[in-house]
Amino acid sequence: MHKLIKPFIKPLIKPLGITLAAMSMSFGAMASSLVVGGKNFTEQQILTEMTAQYLDHLGYSVQRRGGMGSAVLRAAQENGQIDLYWEYTGTSLLNYNQVEEKLDTPEAVYEKVRELDAQKGLVWLNPSRANNTYALAVRQVDSVLKNMHTLSDLAAAINSGEKLVLASNAEWYARDDGLRPLQETYGFELPRSQVKRMDSGLTYVALREQQVDVALVFATDGRIPAFDFVILEDDKGFFPDYAITPVVRQDTLDKNPELADQLNALSAKIDNDIMATLNARVDVERQAIEAVAENFLREAGLL
């Protein structure tokens, strides 16, 4: 801010009696206020923090509203409590818009949710190159010993009598793109006694420590390679694309005409490898989310 103030100090400070403090208050009052939301797992916490730091650097007054559940966060954005957050195309398609039509390409999923959410005053900006789809993972040794490489292999093992235990978070267990329709697609059924529901982050720990045999994971999670897991190929294409994309209220964009281009510049810097690396820095290396977000922005030339 001092770079903006400096040229005006000498000609104005004596005749008008303007102090630096007064000018600082004036510029602060001009800053647009934005509420950045986020969900309650590591990747979303990183995205929330990096977006808040980036927008703060650009001169916006930013409030963070992280750690929210998907449905609560979406409702908060629709009713105007949240200006923007990063959402996944598949989540909007299936959970918020209940689209049952099978869409075969990432572009088709994106265009569909962009069209439907525009009717609700929400604008999908440019998607990143990160696709954080749901996936099921097993330990590499089990993948080899039990010949499990695809979800069809998993179904065959269960149907042949293998008593495999699955770790799932509570949300996916009940979602429209969750366990029940996955079982219908692949033709198997796990008894409730063989499904352990827990927080998302604990599914990785449970699988690594052999408390379960299969775990629900996110495809961009850095713990997958760190813990020597294998993602089972979704050979029937059950999971839709989950491109990570900034979604902003239309009235927020109307008030801030440069915001779309600014967020698109951030989105262009994100891909699967970047997100997996950032997630690993937090979940495996135990670095602070604030530091991870700031280092990424500096490395990307955005700070």
Query raised in the report: So how much accessible area does residue 228 have, in Å² to the nearest 10, using a 1.4 Å probe?
Result: 80 Å²
Report task. Note the full-extension length gain between residue 194 and residue 233 as 0.36 nm times their separation in residues minus their Cα-Cα distance, in nm to one decimal. Result -> 11.9 nm
Report task. Heavy atoms only, probe 1.4 Å: what % of the accessible area of the chain goes to carbon and sulfur, would you let me know? Result -> 51 percent
Query raised in the report: What distance in nm separates the simple spin-label points at residue 299 and residue 71, each placed 7 Å from Cα in the Cβ direction?
Result: 3.7 nm
Query raised in the report: What order do you get for 268-277, 42-51 when each peptide is scored by the mean count of other beta carbon atoms within 10 Å, highest first?
Result: 42-51, 268-277
Query raised in the report: Once the Cα gyration tensor of the chain is found, what semi-axes does its equivalent ellipsoid get, as square roots of 5 times the eigenvalues, in whole Å, sorted largest first?
Result: 43, 21, 15
**Report entry** Linear extension gain, residue 226 paired with residue 183, 0.36 nm per residue minus alpha-carbon span
**Finding:** 12.7 nm
Report task. Enumerate the amide H contacts of residue 135 below 5 Å, restricted to partners 5 or more residues apart or on another chain; note that Pro and chain-start residues carry no placed amide H. Result -> 217, 219
Query raised in the report: Roughly what would the spin-label model give for residue 210 and residue 111, points 7 Å off Cα along C-beta, in nm?
Result: 5.1 nm
Report summary line: In nm, the gap between the two label points placed 7 Å beyond Cα toward Cβ at residue 64 and residue 254 is 3.1 nm
Requested in this report: Subtracting the Cα-Cα distance from 0.36 nm times the residue separation, let me have the gained length for residue 119 to residue 163 in nm, one decimal.
Outcome: 11.2 nm
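The values are calculated or read from the model by the stated rules, or taken from the named source; none is laboratory data. Bear in mind that the values here come from a model prediction, so they are computed numbers and not experimental data. Cβ sites come from the backbone with ideal geometry, for glycine too, and all protein chains shown count toward neighbours. Only protein heavy atoms, including side chains, enter the accessible area calculation; ligands, DNA and RNA are left aside. Shrake-Rupley method; radii C 1.70, N 1.55, O 1.52, S 1.80 Å.
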